[in-house]
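Undergrad: Sharing a structure here in structure tokens format.
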Amino acid sequence: MHDTKQLITIKGTRDGLTLFIDDTCSFDEAFKELREKLLANQPQKKEPCVPVTIKLGNRFLREEEKDSLSNLIKEENRFTIQSIESEVIAKSEALSLMEDSEVKTINRIVRSGQVLEVTGDLLLIGDVNPGGSVISTGNIYIMGSLHGVAHAGVKGDRSAIIAASYMNPSQLRIAEYISRAPDYESDGVYMECGLIDEEQDKIIIDRLQVLAHRRKSINRFERRINNG
Amino acid sequence: MGEAIVITSGKGGVGKTTTTANIGTALALMEKKVCLIDTDIGLRNLDVVMGLENRIIYDIVDVIQERCKLKQALIKDKRFDYLSLLPAAQTSDKTAVTPDGMKKIIKELKQEYDYIIIDCPAGIEQGFQNAIAGADRAIVVTTPEKSSVRDADRIIGLLEKEDIEPPSLVVNRIRNHMMKSGDMLDIDEIVQILSINLIGVVLDDDEVIKASNHGEPIALQSKPKASIAYRNIARRILGETVPLQSLEDESGMFQKVKRFFGMRGN
Ligand SMILES: Nc1ncnc2c1ncn2[C@@H]1O[C@H](COP(=O)(O)OP(=O)(O)OP(=O)(O)O)[C@@H](O)[C@H]1O
Ligand SMILES: [Mg+2]
């Protein structure tokens, strides 16, 4: 008697609603039940938009399924989707996640006019000279002097950081943020890092020690797995 | 078998031609057989600095286009029996010279000469590619200015992609008072950034310009510091260990610079 079993469970939390979708039934069944639930539950008056987190358990959704699910929920503007979380991911996604979080170790000088670009984190053993640039989708660690341009999180990861033994860059870029050196001549700093400070909404430079509490997990793989 | 050394810089006017003429002259003074090649097509200078301008009959493009034999185009120096110059063309089409053409000429010259010194044009285009094509090693010239060091760095990056020994560095036109006051990069900083072997430092000296104007490279004189600097570069090319001469009366810079020689075990 399967209609005694709830396929959709909704829980209210401080941050909105969490929607658990049973992971043993078919997607169509779950979809149908969700639609009925939403219809039965029409609001009386205009209520503010409620954020929804969807937990899929061990269910894997294809992109089209994800789309129709979010379209259904967003219909009539009663809800916004905060995230769709699943315990399982596709193999291809896992591989690209791994590629994306690997540390690429490179041992050279990046000279004027040269661009060194990697997927994942970059560990450069050597200097970035004035006019040279290093770019990565993840963090950038430089065991050497950074005189040129470093761009971390180039695909939009704002939690990426840039660390260098000697930091005297002409520009630091993280995700879509840019900060540049002052117009006056200035000496660099030793053992510091650049990161985005959400409150000030800009890139700040601080001692390496602050990373321990500002970026608890510098391991991108864990971060990505946990945060989706 | 001789060795071919290209003198290059990226930035123009930093002293490539002057360095070529003086290193060549200094090597000739040490009884080496030397051939200088000017690859700055359309802006030839080396013949003027060497005082050989009015002896030119054929040039490098004539050789490449087989209008003459290589031997016919070589101009013998007026002071040394074994110093020759292969002049650049002044009017012909630049595209006539190719990396392969250069390699062929250099290969032939190596049979007879100990050193072939190639004066490279400014820039990183075709002329640069031609100049480095047949070279076994490179000397990069810079002045103590940011823009010049930046271009030298660019050139070193390009040279690293070639099948050629790691380049050495000449810092030219040093002015002691400006370096002391911090208005010029000091040698320490330059070597740190470029991180290649320093093979010589040459003072800025009006005598260099005067000598070039008379077609008598300063290396022919025995007294001026700039001359000694060029002669020392020549000795280092031959593999001698020569400490950098004191550029100032106090020991400040000398000490600093010496460290780099020690470190890299020149
Ligand atoms: N050590 C020096 N002291 C004083 N003047 C110098 C010194 N070295 C070079 N010069 C002068 O600087 C000018 C440029 O030098 P040079 O022609 O050798 O440079 P270049 O790099 O060959 O230039 P280009 O890129 O145009 O070929 C010349 O007038 C030369 O006499
Ligand atoms: Mg020149």
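Undergrad: Using Cα positions and a limit of under 16 Å, work out the lysines in reach of B:Lys210, with same-chain residues fewer than 8 apart set aside.
TA: Within reach: B:Lys223, B:Lys225.
Undergrad: For the ranges A:149-159, B:203-213, A:65-75, what's the packing order if you count other beta-carbon atoms within 10 Å of each residue, average per peptide, and put the highest first?
TA: A:149-159, B:203-213, A:65-75
Undergrad: Among A:Ile109, A:Val189, A:Met167, pick out the residue whose Cα is farthest towards the positive end of the charge dipole of the stretch A:109-228, where Lys and Arg carry +1 and Asp and Glu carry -1 on C-beta, about the Cα centre.
TA: Positive-most Cα among the choices belongs to A:Ile109.
Undergrad: In which sequence would A:Leu19, A:Leu39 go, from the one with the fewest C-beta neighbours within 10 Å to the one with the most?
TA: The order, fewest Cβ neighbours first, is A:Leu39, A:Leu19.
Undergrad: Mind scanning B:Lys94/B:Lys161; A:Lys155/B:Lys16; B:Lys16/B:Lys104 and naming the pairs with a C-alpha gap bigger than 32 Å?
TA: A:Lys155/B:Lys16
Undergrad: Then there's this: Expected output is a single nm value to one decimal: the length gained when fully extending between A:Glu29 and A:Ser68, i.e. 0.36 nm times separation in residues minus the C-alpha distance. What is it?
TA: The A:Glu29-A:Ser68 span can extend by a further 12.7 nm.
Undergrad: How well do other chains shield peptide B:141-150, expressed as the mean number of their Cβ atoms within 10 Å of each residue Cβ?
TA: Other-chain Cβ atoms within 10 Å of each residue's Cβ, averaged: 1.
Undergrad: How far, in degrees from 0 to 90, does helix A:63-74 lean away from the longest principal axis of the Cα atoms of chain A, to the nearest 10?
TA: For A:63-74 against chain A, the angle is about 70 degrees.
Undergrad: Short version: ³J(HN,Hα) in whole Hz for each residue of the stretch A:11-22, in order, from phi by Karplus 6.51 cos²θ - 1.76 cosθ + 1.60 (θ = phi - 60°), x for Gly and Pro, what are they?
TA: 10, x, 10, 4, 9, x, 10, 10, 10, 8, 10, 3
Undergrad: Only Cα pairs within less than 10 Å get springs; with that Gaussian network setup on chain B, which residue of B:Ile57, B:Ile106, B:Ile118 has the largest fluctuation?
TA: Maximum among the listed residues: B:Ile57.
Undergrad: 5 Å is the cut-off here: which amide hydrogens, built 1.01 Å from N in the peptide plane, fall below it relative to B:Val141, excluding neighbours closer than 5 in sequence?
TA: It is B:Thr8, B:Ser9, B:Val170, by chain and number.
Undergrad: What's the average, rounded to a whole number, of partner chain beta-carbon atoms within 10 Å of each residue's beta-carbon in A:124-132?
TA: Partner Cβ neighbours, averaged per residue: 3.
Undergrad: So, in Å, what gap is there between the alpha-carbon centers of the stretch B:202-247 and the stretch A:143-171?
TA: Going from one Cα centre to the other spans 42 Å.
Undergrad: If you find the alpha carbon centre of the stretch B:16-36 and of the stretch B:39-54, how far apart are they in angstrom?
TA: 14 Å
Undergrad: Right, here's the next one. Round to a whole angstrom and tell me the spacing of the C-alpha centers of the stretch A:1-41 and the stretch B:94-140.
TA: If we compute the Cα centre of each part, the gap is 76 Å.
Undergrad: Specify the angular offset, from 0 to 90 degrees and rounded to the nearest 10, of the alpha carbon long axis of helix A:91-101 from the longest principal axis of the alpha carbons in chain A.
TA: That works out to roughly 30 degrees.
Undergrad: Related question: When A:Glu199, B:Glu112 are ordered from fewest to most other Cβ atoms inside 10 Å of their Cβ, what list results?
TA: Least to most surrounded, the residues fall as A:Glu199, B:Glu112.
Undergrad: So, one more: Around A:Leu123, which amide H atoms from residues at least 5 apart in sequence, or from another chain, sit under 5 Å from its own amide H, with H modelled in the peptide plane?
TA: For A:Leu123, whose amide H was placed from the backbone, the distant partners under 5 Å are A:Lys104, A:Thr105, A:Ile106, A:Tyr141.
Undergrad: Ok, one more. Using the Karplus curve 6.51 cos²θ - 1.76 cosθ + 1.60 with θ = phi - 60°, what ³J(HN,Hα) values do you get for each residue of the stretch A:184-200, in whole Hz, with x for Gly and Pro?
TA: Along the stretch A:184-200, the couplings run 7, 5, 9, 7, x, 10, 9, 6, 10, 9, x, 8, 7, 9, 4, 5, 7 Hz.
Undergrad: Averaged over A:106-113, how many beta carbons belonging to a partner chain fall within 10 Å of each residue's beta carbon?
TA: 6
Undergrad: Which order, highest average first, do B:219-229, B:149-159, B:168-178, A:47-57 follow once you tally other Cβ atoms within 10 Å for each residue and take the mean per peptide?
TA: So the order, starting with the most tightly packed, is B:149-159, B:168-178, B:219-229, A:47-57.
Undergrad: May I ask you to order A:94-101, A:27-34, B:230-237, A:116-123 by the average number of other C-beta atoms within 10 Å around their residues, highest value first?
TA: B:230-237, A:116-123, A:27-34, A:94-101
Undergrad: Now for a separate question. Taking only Cα atoms and a 10 Å spring cutoff, compute GNM fluctuations for chain A and point out the largest among A:Asn168, A:Asn77, A:Asn107.
TA: Of A:Asn168, A:Asn77, A:Asn107, the most mobile in the Gaussian network model is A:Asn77.
Undergrad: Compare B:Asp40, B:Asp93, B:Asp114 in a GNM of chain B, Cα atoms joined below 10 Å, and give the one with the largest fluctuation.
TA: Looking only at B:Asp40, B:Asp93, B:Asp114, the largest GNM fluctuation is found for B:Asp93.
Undergrad: With an 8 Å cut-off on Cα pairs and a minimum separation of 6 or more residues, tell me the relative contact order of the stretch B:3-260 in percent.
TA: 25 percent
Every number here is computed from the coordinates shown, using simple stated rules; none is lab data. A quick note: this is a predicted structure, and the numbers were derived from the prediction, not measured. As a convention, Cβ positions derive from the backbone with ideal geometry for all residues, glycine included, and neighbour counts pool all protein chains shown.
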